[in-house]
């Protein structure tokens, strides 16, 4: 098992608690009655910050734990599959973008990439469950919402990152 300092373990535990809480309360924010499944992705703010400060392995663990615990507390097996597929696609995309960003890509850009791939992951899971290619026709609508939610969550992550930096380093 990885050797975690008390400070790091405490911060990761707080991140997990905040992510689960955001995931829960986000259900009560009405976004779109016309496009089912559209959400802001507020819990992904925490995943992005974890990736930024602690790296892929800890962010991966955070996504897995958040998804499983959220499904256990107030979800279902189907919610677990969709969230896990979306979360892992998003984290992988954000990790690649974060590693390649240099001075050309901000936290907002990384967030938009994550939001896009979150939807790609969820539609991929739906395709395997429903076994119909028609499900892919839903993706363009989701991608538009992904850009908007990715920008919003990226702005939040960028703002919170400035405050968080003092407590992590």
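Numbers below:
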| quantity | calculated |
| --- | --- |
| For mean projected area of the Cα convex hull in nm², calculated from these coordinates, the label among (1) 11.9; (2) 12.6; (3) 10.4 | (3) |
| Crossing angle, helix 77-100 versus the chain [Cα axis fit, 0-90 degrees, rounded to tens] | 60 |
| Residue 76-residue 103 FRET efficiency (beta carbon distance; Förster radius 45 Å; 0.05 resolution) | 0.55 |
| Inter-label distance, nm, simple model (7 Å from Cα along the C-beta direction), residue 57/residue 3 | 1.2 |
| The chain: angle of helix 139-168 to the longest principal axis, Cα-based, in degrees nearest 10 | 10 |
| Residue among 65, 97, 77 with the largest mean-square fluctuation in a Gaussian network model of the chain, springs linking Cα atoms under 10 Å | 77 |
| Relative packing of peptides 150-161, 20-31, 120-131 - highest average C-beta neighbours within 10 Å first | 150-161, 120-131, 20-31 |
| Inter-probe distance in nm under a simple model that places probes 7 Å from Cα toward Cβ, at residue 28 and residue 132 | 3.5 |
| Nearest-ten-degree value, helix 6-26 long axis tilted from longest Cα axis of the chain | 30 |
| 37 °C / 0.692 mPa s Stokes-Einstein diffusion coefficient of region 112-162, Kirkwood radius on C-alpha pairs, µm²/s | 280 |
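Only the coordinates and a few stated rules stand behind these numbers; no lab work does. Keep in mind that this is a model prediction, so the values were computed, not measured. Heads up, the Cβs are rebuilt from the backbone with ideal geometry, glycines too, and the neighbour counts pull from every protein chain shown.
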